[in-house]
Amino acid sequence: MNGAFGAGKTTLAQRLVANDPRLLLFDAELPGFMLREIVAVPPSGDFQDLRVWRRSVVDTAVALLQEYGRPLVVPMTVVTRSYLEEIFDGLRGRGVSVDHFFVDVPGEVLRKRIMDQVVWPDDQVRDAQVRSWRLEQVQRCCAAVESMPTGTVVLDGRLSVTELAERVTAALA
């Protein structure tokens, strides 16, 4: 599940997993949070710019698949085409098939969703920093839909989570 911050990827992923208990949810941000505790974040402020993050996403996904043998649902915002290709190539090179969905949401809707979100309820300063950073990413994330790889299923993020889940399930059937 790909798309901008605030597009509803995680909510959709959670719904898919709730609808099908065979699925396993893997949030691709988690390796990034871990790496922030170990190495310096690049000047961009985006841990995706760390090659080790992209490798960690692949390695963790493969390990989860090998250990649990369940299909993964992976919400992530990866709009740098070369990073997305690096992750997909890494997975495919290790025998993992990838179905890619991009939740497309208009910029004005994203901005409102981001302003309404609370990411760090116990830390107002950090919450404001995350909100500001996400707002700065809206334009590049919205533009990314045009450069997604062939085979990407683009979903209208203005639909309800139920409708989106139905479309994902139908596309995978």
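Summary table
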{"quantity": "Nearest-20 debye value, the chain charge dipole, Cβ charges on Lys, Arg, Asp, Glu", "calculated": "80 debye"}
{"quantity": "Alpha carbon Rg of the chain, scaled by the compact-globule rule 2.2 N^0.38 Å", "calculated": "1.01"}
{"quantity": "Within the accessible area of the chain (1.4 Å probe), percent carbon and sulfur", "calculated": "52 percent"}
{"quantity": "Estimated dipole of the stretch 1-96 in Debye, rounded to 20 [Cβ of Lys and Arg +1, of Asp and Glu -1, Cα centre]", "calculated": "200 debye"}
{"quantity": "Accessible area (Å², 1.4 Å probe, nearest 10) - ARG36", "calculated": "90 Å²"}
{"quantity": "Approximate spin-label separation ASP127-GLU166, in nm, with each point projected 7 Å along Cα-to-Cβ", "calculated": "3.4 nm"}
{"quantity": "Spin-label pair ARG36/SER97, simplified geometry with 7 Å Cα→Cβ offset, distance in nm", "calculated": "3.6 nm"}
{"quantity": "Probe 1.4 Å, all protein chains present, accessible-area order of LYS112, LYS9, largest first", "calculated": "LYS112, LYS9"}
{"quantity": "Amide H contacts of GLY3 (H built 1.01 Å from N, under 5 Å, at least 5 apart or other chain)", "calculated": "MET76, VAL78, VAL103"}
{"quantity": "Contour excess over end-to-end distance, with Cα ends at ASP156 and ASP116 and 0.36 nm allotted per residue", "calculated": "12.4 nm"}
{"quantity": "Selection from VAL130, SER97, GLY32 lying farthest towards where the dipole of the stretch 21-173 points positive, charges on Cβ", "calculated": "SER97"}
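The values are calculated or read from the model by the stated rules, or taken from the named source; none is laboratory data. Keep in mind that this is a model prediction, so the values were computed, not measured. Glycine gets a Cβ as well: all are built from the backbone with ideal geometry, and neighbour counts include every protein chain shown. We work out accessible area using only protein heavy atoms, side chains counted, and drop any ligands, DNA or RNA first. Shrake-Rupley method; radii C 1.70, N 1.55, O 1.52, S 1.80 Å.
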